[in-house]
Amino acid sequence: MKIAVIPGDGIGVDVTAEAVKVVEAVGRRFGRRFQLDTLPYGADHYLETGVAMPPDGHRMLQAEFDAIFIGALGDPRIPDMRHAREILLETRFQLDLYVNYRPVKLLDARFCPLKDCGPDEVNFVVFRENTEGMYVGVGGRFKAGTPDEIAVQEEINTYAGVHRIVKHAFEYAAKTPRRRLCMADKSNALRHGHALWQRVFGELAPQYPTVEAWHLFIDAMAMQLVKNPAQFDVIVTNNMFGDIVTDLGAQLQGGLGMAASGNLHPGRTSMFEPVHGSAPKYAGKNVANPIGAILSSALMLDDLGLAVEAASIEQAVADVVRAGQGPRDIGGTLGTRETGDAVVSAIEAGA
Ligand code: NAD
Ligand code: IPM
Ligand code: MN
């Protein structure tokens with residue numbers, strides 16, 4: 001299997017090295033051959049060459065690789081994130097990775113900032129629409145930099161785009177023991193675009209009688225996620241709201257360093273990445289938490305049909321962190337590399 005590895009910027013580089021180590025360990029243990037090809041796309045490459053991605057880069061990723069693993073992008077030298085838009089967002093768009101799958105799973109009660117919350121209370125998944133919404137870049141600036149500036153940023157919602165992500169969430173809920181599906185929107189204020197989400201949700205719900213479909217406005221969802229996360233099994237929402245609630249979800253798991261994600265188009269080359277960004281202040285210091293990246297590699301192997309191998313990574317991570325090992329942000333004493341080593345040892349020991 002051929003995997004494109006894009007470490008990217010900042011701590012993306014640090015955590016990707018650990019995810020790669022873990023995938024290689026799984027390969028050795030289960031006799032799988034992974035060809036991991038590292039690609040240089042990121043801030044340094046952009047500043048050196050003026051090119052964020054080669055012109056046929058997205059097509060090449062899709063045609064030549066079974067999966068893509070990406071660390072994080074973002075560099076203070078490129079404040080408008082031009083390179084990241086081309087590398088990260090354009091890969092989501094060009095490869096049509098319409099499902100942003102972000103599980104929120106607390107591994108140990110110690111990591112959760114809420115009182116009386118353990119693994120039984122925090123265990124849900126978020127499906128974030130990943131190809132439309134506010135992210136498409138429709139709009140513009142008129143008289144930029146003047147006192148008369150007008151800035152327009154349109155939110156795009158298409159019937160096909162909303163339908164496929166909401167349907168994906170219903171299908172997931174119907175197939176798993178997690179039978180409650182909550183859709184979040186802001187249809188009380190955004191009465192055009194989010195009326196479409198209401199319409200689609202209302203059309204699909206009767207087709208899934210075993211799924212308990214319910215709705216919250218996004219502001220109320222933010223509150224309920226803190227008040228009582230146990231009520232959530234599956235969440236579906238738009239691109240922007242999904243971005244925000246998954247940082248909240250990350251903290252429920254112990255912090256941004258713990259959260260994993262997959263950008264999926266079922267059946268096609270998909271892209272996996274931790275939820276966090278490049279955290280420049282921690283870059284290269286051997287302090288970043290690599291667990292979100294390592295768990296993202298488990299999502300990747302699962303998507304590639306390697307469920308046993310993926311489960312081994314998840315078990316190894318659970319064993320390590322429940323034993324009190326792990327990086328400082330979750331109360332451990334290990335560095336980034338030592339955390340990766342501990343997960344590798346757990347895999348080698350038979351996790
Ligand atoms: P961030 O996720 O990089 O970091 C926010 C804070 O969370 C950090 O200061 C740190 O305290 C903590 N944190 C994040 N990841 C951690 C880890 N692995 N281990 C330990 N602590 C961790 O978000 P930001 O500061 O808003 O953004 C920094 C840059 O990253 C920006 O350029 C932003 O645009 C970019 N970004 C990229 C991605 C991505 O590539 N997927 C995601 C989010 C932000
Ligand atoms: C994420 C990130 C990205 C997003 C940024 C870097 C554009 O925050 O993957 O969550 O908003 O999707
Ligand atoms: Mn984000």
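Every number in this text was worked out from the coordinates using simple rules, so none of it is lab data. Values in this document were obtained by computation on a predicted structure and should not be read as measured data. Backbone-built Cβ (ideal geometry, glycine too); neighbour counts: all protein chains shown.
Quick check: net charge around Ala25, other residues with Cβ under 13 Å of its Cβ, Lys/Arg +1 and Asp/Glu -1?
On the way: positive: Lys21, Arg28, Arg29, Arg32; negative: Glu18, Glu24, Glu309, Asp341, Glu348.
My count for the surroundings of Ala25 gives -1.
Could you pull out the trypsin sites (Lys or Arg not before Pro) across the stretch 50-100 that fall in loop regions by DSSP (anything but H, G, I, E, B) with no more than 16 other Cβ atoms inside 10 Å? Before the final figure, lay out the partial values.
Values: sites: Arg59, Arg77, Arg82, Arg85, Arg92; in loops: Arg77.
The qualifying sites are Arg77.
What does the extension gain come out to for Arg29 and Thr158, with contour length at 0.36 nm per residue minus their alpha carbon separation?
Numbers: separation 129, 0.36 × 129 = 46.44 nm, distance 4.51 nm.
Full extension of this stretch gives 41.9 nm more.
Quote the charge dipole size of the chain about the Cα centre in Debye, to the nearest 20; the model charges only the Cβ of Lys and Arg (+1) and of Asp and Glu (-1). If you can, show how the numbers build up before the last one.
On the way: 34 positive and 43 negative charges, 97 e Å.
Charge dipole of the chain: 460 debye, to the nearest 20.
Taking H placed 1.01 Å from N in the peptide plane, check which residues at least 5 places from Gly326 or on another chain put their amide H under 5 Å from its amide H.
Distant-sequence amide H within range of Gly326: Thr333, Leu334.
Just tell me which lysines come within less than 28 Å, Cα to Cα, of Lys2; anything on the same chain fewer than 8 places away is out.
Here the lysines satisfying the reach criterion relative to Lys2 are Lys21.
On the principal axes of its Cα set, how long, how wide and how thick is the stretch 80-125? Give whole Å, largest value first.
Cα spread of the stretch 80-125 along its principal axes, largest to smallest: 42, 23, 12 Å.
Hey, what's the Kirkwood Rh for the stretch 1-130 if you take every pair of different alpha carbons, in angstrom? Please list the in-between numbers first.
Details: mean 1/r = 0.0597 Å⁻¹.
After inverting the mean inverse Cα-Cα distance, the result is 16.8 Å.
In debye to the nearest 20, how big a dipole does the stretch 34-183 give about its Cα centre with +1 on each Lys and Arg Cβ and -1 on each Asp and Glu Cβ?
On the way: 18 positive and 22 negative charges, 142 e Å.
Using Cβ point charges on Lys, Arg, Asp and Glu, the stretch 34-183 gives about 680 debye.
Just want the ordering: Trp197, Trp214, from fewest to most Cβ atoms lying within 10 Å of their own Cβ.
Numbers: Trp197 25, Trp214 12.
Final ranking by Cβ density, sparse to dense: Trp214, Trp197.
Sequence neighbours fewer than 8 away in the same chain don't count; with that in mind, list the aspartates and glutamates whose C-alpha is under 17 Å from Lys186.
Glu129, Glu132, Glu154, Glu155, Asp219, Asp243
Fewest first, what order do Met300, Met258, Met81 take by the number of other Cβ atoms within 10 Å? Please list the in-between numbers first.
Details: Met300 26, Met258 30, Met81 15.
Result, fewest neighbours first: Met81, Met300, Met258.
How large is the dipole of the stretch 205-328 about the Cα centre if only Lys and Arg carry +1 and Asp and Glu carry -1, each at its Cβ, rounded to the nearest 20 debye?
Working: 6 positive and 11 negative charges, 94 e Å.
That gives the stretch 205-328 a dipole magnitude of about 460 debye.
Using only the Cα atoms of the chain, what are the Rg and Dmax in Å?
20.0, 65
Among the Cys residues of the chain, which have no other cysteine Cβ under 4.7 angstrom away?
Cys182
Which value, in nm² and rounded to one decimal, describes the direction-averaged projected area of the C-alpha convex hull of the stretch 76-231? Let's see the in-between values first.
Values: hull surface 50.1 nm².
Mean projected area of the Cα convex hull: 12.5 nm².
When the label point is put 7 Å from the Cα of Arg180 along its Cα-to-beta-carbon vector, which residues of the stretch 202-242 have a backbone N closer than 15 Å?
Output list for this probe position: 211-217, 221-236.
Please find the FRET efficiency linking Gln198 to Ile150, where r is the Cβ-Cβ separation and R0 is fixed at 30 Å, and quote it to the nearest 0.05.
On the way: r = 30 Å, r/R0 = 0.99.
Here the calculated transfer efficiency is 0.50.
Based on a Kirkwood Rh over C-alpha pairs, give the Stokes-Einstein translational diffusion coefficient of the stretch 143-183 at 10 °C and viscosity 1.306 mPa s in µm²/s. Each step should come with its number before you reach the end.
Details: Rh = 13.4 Å.
After rounding, the answer is 118 µm²/s.
For Thr38, list long-range residues whose amide hydrogen, built 1.01 Å from N in the peptide plane, is under 5 Å from its own amide hydrogen.
Distant-sequence amide H within range of Thr38: Val5.
Please sort through the DSSP H helices of the chain and keep those with an alpha-carbon extent of at least 20 Å along the long axis and a Kyte-Doolittle average not below 0.5.
Numbers: long enough: 11-30 (29 Å, 0.65); 159-175 (24 Å, -0.14); 239-253 (21 Å, 0.25); 307-322 (22 Å, 0.69).
Counting only whole DSSP H runs, the qualifying helices are 11-30, 307-322.
Could you compute the FRET efficiency for Arg322 and Asp44, with r as their C-beta to C-beta distance and R0 at 35 Å, rounded to 0.05?
Details: r = 37 Å, r/R0 = 1.07.
Once the sixth-power term is evaluated, E becomes 0.40.
Once the dipole of the chain is set up with Lys and Arg at +1 and Asp and Glu at -1 on Cβ about the Cα centre, which of Pro55, Met271, Val104 lies farthest towards its positive end?
Going by the Cα projections, it comes out as Val104.
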